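Undergrad: One structure follows; several queries about it will come next.
Only the coordinates and a few stated rules stand behind these numbers; no lab work does. Remember, predicted model here, so these are calculated numbers, not experimental data. Quick reminder, even Gly has a Cβ in these numbers, built from the backbone with ideal geometry, and neighbours come from all protein chains shown.
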Amino acid sequence: MMLTMKYYRLLTQILTPFLITVIMTAGCKGREYRTIDGFTQGTTFHIVYSNDAGIELDSLTHEILRRVDFSMSGYNPESILTVVNNSDSAEVDSMFADVFIRSLEIYKISDGLFDVSAGPLFDVWGFGFKNKAAVNQQVIDSAMQFTGMDKVRLEGLRIVKSNPGVKLNFNAIAQGYTADIIGRAYDNLGIENYLIEIGGEIYCKGVNPKGKTWSVGIDKPVEGNMIQGQELQDVILLKGGGLATSGNYRKFYEENGEKYSHSINPKTGYPVRDNLLSATVIAEDAMTADAYGTYFMVAGLEKAIEVIESTPGIEGFLIYSKDGKYEVYKSKGIKTKR
């Protein structure tokens, strides 16, 4: 009965203001592990957890996912984000505010290369909430006038924009945040071991079902490698915290013989061209890892390495092309099986 009441108190707190391939084997002796799988935010999710609380967490997990979707989905016509994007100002919830504040922090850290206000640019290139149309300099210039975090601010729980044309897009940070808050909810219930994967972004704690460190496979950035885990570059051992991978080898399009990546530089308005193919980031939380992965893909290989080596708490596994071959940069804190 006490566990049941604790569950409902936690659920009430969430309701009010509120890939990467996981390599596992069967459960270890003496401890039961459960899984939850499904679809959310236009992608899949996979969760494994030890049943320390003695209750199923499906309902709690799905409710958190629903609340995040209602808060930050650009594809949900009734979401808070949709309301924000269609108005001068709007009330938001605590989830939205949390992600906006962290996005602003990383916008400043990255000197504007990570920018959730670049929604109009993402839409222009067909990587946002609209289909791609004809792109020319005039179209880019038009979108650029609405891009920049100096054009939007948070006042309490109200977003205020300088112009209705300013539109936010949280796709590069929301999935990591979702993994974090599910992990927070599990922590409050006393769950000692879990791995939460939302669209490839991961937050984990403890050990896997065999009692060992979680193993996360990093896909080789080969064009046509659309199935996670089909062709691995390496396997990272993850003791805890957040991990996210960003890459251009699955999200791109070709037009008139030119290939365009989905990594858009908010300062130029154009897709990035660099030999960095994939950036895997480990951080204290998945939201930070998610955002830094995008930041690195925009900044390029040299800048990404510079930031990784000068930023405490940030580790990186970067795959890049050199002379027609795949090369890997791995920071000192990255542990792999191979």
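Undergrad: Set the Förster distance to 35 Å, then compute FRET efficiency between residue 154 and residue 239 from the Cβ-Cβ distance, nearest 0.05.
TA: It comes to 0.55.
Undergrad: Still on this structure: Quote the charge dipole size of segment 75-161 about the Cα centre in Debye, to the nearest 20; the model charges only the Cβ of Lys and Arg (+1) and of Asp and Glu (-1).
TA: 180 debye
Undergrad: Using label points projected 7 Å from each Cα along Cα→Cβ, tell me how many nm separate residue 76 and residue 184, to one decimal.
TA: Rounded to a tenth, the inter-label distance reads 1.7 nm.
Undergrad: Something else now. Highest mean first, how do 110-117, 292-299, 141-148 rank when packing is the count of other Cβ atoms within 10 Å averaged over residues?
TA: The peptides rank, most packed first, as 292-299, 110-117, 141-148.
Undergrad: Can you give the extra length, in nm with one decimal, that the chain gains between residue 275 and residue 210 once fully stretched, where that is 0.36 nm per residue apart less the Cα-Cα distance?
TA: Taking residue 275 through residue 210 to full extension adds about 19.6 nm, to one decimal.
Undergrad: Further question: Would you mind checking the pairs 108/267; 220/322; 108/332; 108/130; 205/303; 108/151 and listing those with alpha carbons more than 19 angstrom apart?
TA: 108/332; 108/130; 205/303
Undergrad: Where q = 0.17 Å⁻¹, what log10 of I(q)/I(0) comes from the Debye formula for segment 75-161, counting one point per Cα?
TA: Values returned for q = 0.17 Å⁻¹ are -0.77.
Undergrad: Something else about it: Rounded to whole Å and sorted largest first, list the principal axis extents of the Cα atoms in segment 264-338.
TA: For segment 264-338, the Cα extents along the three principal axes come out at 35, 30, 19 Å.
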